[in-house]
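Colleague: The structure under discussion is supplied below as structure tokens; questions concerning it will follow.
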Amino acid sequence: MPKVGVIGGSALEAIENLEVSHREMANTLYGPTSSPLLFGKMNGGEIVFIHRHGFGHTIAPHEINYRANIWALKQLDVTHIVAAAAVGGITEHMSPMTLVIPDQIIDYTHTRSQTFYENSQEPVVHVDFTWPYDDQLRTVLNRSAVNLNMPVVSRGTYGAVQGPRLETAAEIRRLEADGCDIVGMTGMPEAVLARELDIKYVCCAMVVNWAAGKGSQQELLPDSISSNMKAAKASVHRLLAEALPMIMEL
Ligand code: HPA
């Protein structure tokens with residue numbers, strides 16, 4: 001049976017009806033995880049929940065210890081990860097409050113530790129990352145959104161940027177020309193680290209604003225983004241509850 005890890009963030013701060021059995025601090029080879037790990041049951045499925053920004057949301061995207069988080073989940077025998085993300089919308093159909101299940105990534109991040117294959121005596125492995133997200137998990141999330149009548153875009157390219165600032169309008173034009181549909185700050189190296197440890201990984205992205213230069217300037221104000229985030233959390237939460245029994249069948 002799959003063992004499911006859920007990585008929360010701005011789009012999923014907590015899982016309200018998680019029946020928590022215990023919580024555990026984790027210190028790994030790579031240092032401490034962003035938050036304690038919460039173990040619990042939801043809709044019949046056992047999950048491990050971790051918050052990538054920490055429970056007080058104090059860890060910026062470039063400061064997250066992605067390696068510790070993924071390593072800790074692997075040590076717990078997690079086989080499948082559902083990662084929630086808040087993103088900006090770039091292309092036509094990516095309006096605020098749309099759910100997107102991306103199928104591709106372009107990585108613009110830098111100076112983040114992005115591999116387990118360094119400083120070790122083990123031979124380097126160049127993992128296949130042609131398709132960064134797990135297709136079966138993507139199908140389950142898409143089906144769940146349809147079951148719930150949620151507006152969903154079933155594929156798209158996630159542009160992972162360094163942050164923590166938002167982009168300039170020219171940067172967003174460049175991302176669009178490159179083929180990005182959505183933009184976020186935490187998609188990488190999380191996805192590739194999961195791949196290196198052979199954990200199936202999917203991103204559940206909620207658009208919380210039009211990216212810079214695509215909508216009104218008002219929309220990029222913290223109050224506007226955070227009010228959309230609130231609604232985003234409720235949607236991601238419902239989606240997860242719907243998807244979990246199907247993930248357990250994989
Ligand atoms: N840009 C980058 N990351 C984001 C955005 C954005 O517009 N919205 C939410 N996360």
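Just so you know, all these numbers are worked out from the coordinates, no wet-lab data involved. Computed from a prediction, not measured in an experiment: that's the story for all the values here.
Colleague: When only C-alpha pairs under 8 Å and at least 6 residues apart count, what is the relative contact order of segment 55-165, in percent?
Modeller: 43 percent
Colleague: Among rounded, prolate and oblate, which fits segment 107-183 when a ≥ b ≥ c are the square roots of the eigenvalues of its C-alpha gyration tensor, a/c under 1.5 means rounded, and a/b larger than b/c means prolate?
Modeller: The shape class here is oblate.
Colleague: Another question, then. Relative contact order of the chain, please, whole-number percent, based on alpha carbon pairs below 8 angstrom and at least 6 residues apart.
Modeller: Result for the chain is 28 percent.
Colleague: Give me P(r) over segment 142-219, computed from all C-alpha to C-alpha distances, binned every 5 Å, as integer percentages.
Modeller: Bins of 5 Å from zero give 3, 13, 20, 21, 19, 14, 8, 2, 0 percent of pairs.
Colleague: Tell me whether segment 1-92 comes out rounded, prolate or oblate; compute the Cα gyration tensor, take square roots of the eigenvalues as a ≥ b ≥ c, and use a/c under 1.5 as the rounded threshold.
Modeller: It comes out oblate by the Cα gyration axes.
Colleague: Something else now. What's the lysine pair count for the chain at a Cα cut-off below 29 Å, pairs eight or more apart or interchain?
Modeller: Lysine pair count for the chain: 15.
Colleague: Quick one: in the chain, what % of C-alpha pairs are over 26 Å apart?
Modeller: Of all Cα-Cα distances in the chain, 34 percent exceed 26 Å.
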